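Read-outs throughout are calculated quantities, based only on the coordinates presented, and are distinct from any laboratory measurement. Source: prediction; values computed, not measured. Reconstructed Cβ throughout: ideal geometry from the backbone, glycine too, with neighbour counts over all protein chains shown.
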Amino acid sequence: MIALDLLRELRSVGLNLEAVGDKLRVTPQGKLTPELRSRIVARKPDLFAAIDLEHRIREMAMRWRYSLVELNDVLEKAHSDPEKWARAVALDEQREQEFGRDKLPRKADA
């Protein structure tokens, strides 16, 4: 399961997570408690999936020319149903591969 809920919680206490190869970089280290560290370790694959999903949503939003407000709205909705958004992003990426980036309709065109 994608751990967007845990990612949000970690950010709310001031932690930043970054995927670096097969490791998660957590900063600042001073805010990382033993309890949070154990939760991160236990859900590491899910956190990688959450970070990847957020990155892919940002790319999709750029393709569709979303404003920062719209992007934040999409990310908020993704937190409520990450599997749905993972499917939506995958479909958008598939359409981009099939038709090419320049052939996809854009918000301004719709």
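Per residue, what volume in Å³ does the Cα convex hull of the chain take up?
Spelled out: Cα convex hull of the chain, divided by residues, is 114 Å³.
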As I understand it, the value is the acute angle between the Cα axis of helix 68-80 and the longest principal axis of the Cα atoms of the chain; what does it come to in degrees, rounded to 10? 60
Which FRET efficiency value, to the nearest 0.05, do you get for ARG8 and GLU98 by plugging their Cβ-Cβ distance into 1/(1 + (r/R0)^6) with R0 = 35 Å? 0.60
tail above 15 Å in the computed P(r) of the stretch 1-52, as % of all Cα-Cα pairs, reads 36
Enter the Cα centre distance for the pair the stretch 76-97 and the stretch 49-67, rounded to the nearest angstrom. 9
How much mean residue ellipticity at 222 nm does the chain get from its helices, if each DSSP H run of length 4 or more adds -39500 (n - 2.57) and you divide by all residues, to the nearest 500 deg cm²/dmol? -20000 deg cm²/dmol
